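To keep things clear, I will list the structure first and then write my remarks on it.
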Amino acid sequence: SATNENNPLRAYAPSMGQMFLRRFQLVTQFRSAVENGQISVHYQPKVALPSRQVVGAEALVRWKHPEFGRVDPDEFVPAVEATGLVDVLTDFVMDKAMERVRLWLDRDLRMSVAVNLSVRTLADEEFPDRVGRALVRHGVPPELLTFELTESGVMADPERALPVLRRLHTMGVVLAVDDFGTGYSSLAYLRQLPVDEVKIDKSFVLGMGTDLGDMAVVRSIVELGHSLGLTVVAEGVEDDAARDQLVGMGCDVAQGYLISRPLSEDRFEAWLRARTVQ
Ligand code: C2E
Ligand code: CA
Ligand code: CA
Ligand code: CA
């Protein structure tokens, strides 16, 4: 059409133009999507090894977009992170997550919930105050809230991230390093961070069955984590073989499709109930 010929983006790189437009739409629509109930939080259980006892869940955001359908967080989280809207995302997920912990406590289930933090949030010196207020508002003990942060997130601006992390840690919130093993400065800096938990990146756990190198990485992270007194969590546990290997290595906690996919609030509750009945 004439419009396509006159539009260089359409004529030479249609997919790039469309991607740019979609990203723009996602960012501009995010706030109203939160208000209109298009954004929800799913929960993926974490179980202790070898007991299989449920110790908590990771909160993972979901967007059901009226035009695009389900939009993957790997697409919209980075777009939202690049704007000032990341607070809206973090506060929404944190609020939902604490609501769950409170609900579980009221049923005598002591389980923690993990919330992912973006680079931007780590640089926000007012964030710890907001967390403190949310804990009080929901009546949630700080040790039942975990924040997952990536190495690159901390390293982006350690001068600003460290004070924020120290304050959160002093409040008694649990801190976990996510996607561990994918960064470059892992070993040296892990000691310096006020963290309690290390999550082995799923790429290594997924590769463990077929790749001896991945197996060696997983084993050494478990040993390193333990030597620093940290809880070691493996994500991406998809089969019994991986689980058995992790048990053999002494890994503390497992998360992955073998145990369950991330589930909506209602389905997670049903999953929990079915487990406790057994
Ligand atoms: P992540 O923090 O590394 O989360 C784990 C991802 O692995 C999730 O993808 C989860 O669904 C997936 N996963 C879990 N078990 C398995 C498994 O056994 N096999 C495989 N192949 N994958 C598994 P998801 O939900 O698509 O989230 C993608 C990323 O988006 C997250 O990676 C996280 O970085 C980001 N994200 C999700 N929710 C939030 C949020 O509320 N805030 C922020 N800042 N980031 C979020
Ligand atoms: Ca995570
Ligand atoms: Ca991860
Ligand atoms: Ca990731």
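The values are calculated or read from the model by the stated rules, or taken from the named source; none is laboratory data. Keep in mind the model is a prediction, meaning the values are calculated, not measured. Glycine also receives a Cβ, built like all others from the backbone with ideal geometry; neighbour counts cover every protein chain displayed. Accessible surface is based on the protein model in full, side chains and every heavy atom, while ligands, DNA and RNA are left aside. Shrake-Rupley method; radii C 1.70, N 1.55, O 1.52, S 1.80 Å.
A few notes on this one:
- Annotation for region 101-144: trypsin sites (Lys or Arg not before Pro) lying in DSSP loop with at most 13 further Cβ atoms inside 10 Å of their Cβ are R107, R110.
- Across K96/K202; K64/K96; K46/K199; K46/K202, pairs whose alpha-carbon gap is larger than 21 Å: K96/K202
- Amide H to amide H distances under 5 Å link E238 with L258, where only residues 5 or more positions off or on other chains count and H is placed in the peptide plane.
- Counting DSSP beta bridges with both ends in the chain, the antiparallel % (nearest 5): 40 percent
- Accessible area per residue (1.4 Å probe, heavy atoms of protein chains only) ranks E197, E265, E223 as E223, E265, E197, with the largest value leading.
- In the context of the full set of protein chains, residues of region 152-278 present 50 Å² of accessible surface per residue (probe radius 1.4 Å, heavy atoms only).
- Gaussian network model of the chain, springs between alpha carbon atoms under 10 Å - residue of S15, S227, S112 with greatest fluctuation: S15
- Normalised by 2.2 N^0.38 Å, where N is the number of residues, the alpha-carbon radius of gyration of region 46-199 equals 1.05.
- Counting every C-alpha pair in region 197-252, the share spaced more than 14 angstrom apart comes to 43%.
- Distant-in-sequence amide H partners of L49 (H built 1.01 Å from N, under 5 Å): V253, A254
- Over the chain, DSSP H runs of length four or greater, each weighted -39,500 (n - 2.57), average out per residue to a 222 nm ellipticity of -16000 deg cm²/dmol.
- Ranking by accessible area, most exposed first, for K46, K64 with a 1.4 Å probe: K64, K46
- Cα coordinate range in the chain, projected on the principal axes (Å, largest first): 65, 47, 45
- Sorting E238, E151 by solvent-accessible area of protein heavy atoms yields E238, E151, largest first, with a 1.4 Å probe.
- In region 191-230, trypsin sites (Lys or Arg not before Pro) in a DSSP loop with at most 12 other beta-carbon atoms within 10 Å: R191
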